[in-house]
């Protein structure tokens with residue numbers, strides 16, 4: 001199938017793979033830094049953005065097959081790659097298969113939950129997506145306000161008030177308009193577990209980055225990811241939620257570029273580019289009130305949608 005993609009910059013080729021409910025625009029906070037040194041190919045996964053759905057099932061395996069076919073078609077096998085969330089799991093899967101990717105950076109990969117974390121992941125993300133969908137009529141107003149972003153996005157971001165308005169709006173629109181979201185969420189939570197790669201089996205660098213305040217893929221899951229991919233180097237992002245490209249774009253770009261250069265680097269040198277902790281201020285009370293108001297509005301809008309659909 002034909003995947004929609006953008007191609008920008010000059011230099012060694014670099015593949016960017018977004019997460020569930022995202023699109024190539026999910027990488028906007030990093031594009032300038034990455035395209036200064038690389039020719040960036042950012043795809044829309046099947047059923048996301050401007051790419052049509054697959055003819056059959058949407059699973060990690062079928063998405064990985066679609067990406068492999070895309071790279072083969074464009075003579076890009078062996079390309080270095082960065083993935084986020086579900087996209088991070090996809091680049092880990094392609095690295096495990098061998099012969100598809102070069103160096104890999106996986107940011108907060110999904111698929112390493114266990115026990116109670118499975119229903120926590122599934123239901124919390126499903127509820128968030130339904131709420132975002134119900135709130136689409138008022139989403140531009142919500143995302144244009146620091147209070148609105150703080151109320152709606154704390155599950156995904158440790159610094160939601162600091163997110164650019166346009167980027168937040170793009171992400172919330174994409175999340176609500178991904179037709180394969182429910183199918184993929186189910187297979188992520190309840191499908192086959194991610195297989196690993198034995199020590200010494202990966203010929204190129206593999207770095208796994210994890211936000212210390214990730215509320216989607218909980219930080220304890222990082223140890224399981226490294227256990228399955230023992231060749232991986234783990235980098236922690238402080239003051240960061242599920243998306244380092246949202247909360248710590250400069251640090252994330254520095255980590256990616258250092259990995260792709262295949263040169264030794266120290267984590268403390270990467271962390272020098274991090275945004276500092278948020279200053280203490282009276283956001284929490286306002287955010288709590290706004291969160292309750294947003295949840296109430298979303299529930300009302302969702303009820304009206306369901307009632308209209310049933311009438």
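The values are calculated or read from the model by the stated rules, or taken from the named source; none is laboratory data. Small disclaimer: the values here were computed from a predicted structure and weren't measured. When we count neighbours, we look across all protein chains shown, and the Cβ atoms used for this are built from the backbone with ideal geometry, even at glycine.
Residues in the stretch 89-120 that are outside any loop (DSSP other than H, G, I, E, B) and under 14 Å from the mean Cα position of the chain (by Cα): 7 in all.
Among the residues of the stretch 145-172, those that are modelled with pLDDT under 95, surrounded by fewer than 18 Cβ atoms within 10 Å (Cβ to Cβ) and either in contact with a helix residue (DSSP H, G or I) (Cβ under 7 Å, 6 or more places away or on another chain) or within 18 Å of residue 85 (Cβ to Cβ) (or both) comprise 146, 154, 155. Please tell me if residue 38 is in contact with a strand residue (DSSP E or B) (Cβ under 6 Å, 6 or more places away or on another chain) and either under 23 Å from residue 194 (Cα atoms) or at pLDDT 95 or above (or both). Against the criterion (in contact with a strand residue (DSSP E or B) (Cβ under 6 Å, 6 or more places away or on another chain) and either under 23 Å from residue 194 (Cα atoms) or at pLDDT 95 or above (or both)), residue 38 qualifies. Filtered by the rule that a residue be out of contact with any helix residue (DSSP H, G or I) (no Cβ under 7 Å at 6 or more places or on another chain) and on the phi > 0 side of the Ramachandran plot, the stretch 49-92 gives 75, 78, 85.
The residue list 245, 268 contains one member that is touching a helix residue (DSSP H, G or I) at 6+ places or on another chain (Cβ under 7 Å) and assigned to a helix (DSSP H, G or I), which is 245. Restricting 80, 32, 108 to residues that are surrounded by fewer than 17 Cβ atoms within 10 Å (Cβ to Cβ) and either free of Cβ contacts under 8 Å to residues at least 12 places away in the same chain or in contact with a strand residue (DSSP E or B) (Cβ under 6 Å, 6 or more places away or on another chain) (or both) narrows the list to 32.
Condition first: farther than 20 Å from residue 163 by Cα, modelled with pLDDT of 95 or more, in contact with a strand residue (DSSP E or B) (Cβ under 7 Å, 6 or more places away or on another chain) and surrounded by 14 or more Cβ atoms within 10 Å (Cβ to Cβ). Can you find one or more residues in the stretch 257-271 that meet it? Yes, some residue in the stretch 257-271 is farther than 20 Å from residue 163 by Cα, modelled with pLDDT of 95 or more, in contact with a strand residue (DSSP E or B) (Cβ under 7 Å, 6 or more places away or on another chain) and surrounded by 14 or more Cβ atoms within 10 Å (Cβ to Cβ). Considering only residues in the stretch 35-50 that are touching a residue at least 60 places away in the same chain (Cβ under 8 Å) and within 24 Å of residue 255 (Cα to Cα), the one that is surrounded by the fewest Cβ atoms within 10 Å (Cβ to Cβ) turns out to be 37. For the stretch 222-231, give me each residue that is part of a loop (DSSP other than H, G, I, E, B), under 24 Å from residue 115 (Cα atoms) and in contact with a strand residue (DSSP E or B) (Cβ under 8 Å, 6 or more places away or on another chain). Within the stretch 222-231, just 229 meets the criteria.
Check residue 128 against each of (1) modelled with pLDDT of 95 or more; (2) within 21 Å of residue 87 (Cα to Cα); (3) assigned to a helix (DSSP H, G or I) and name the one condition it does not meet. Exception for residue 128: condition (1). Among the residues making up the stretch 3-29, those that are touching a residue at least 60 places away in the same chain (Cβ under 8 Å) and over 17 Å from residue 79 (Cα atoms) are 19, 20, 21, 22, 23, 25, 26, 27, 28, 29.
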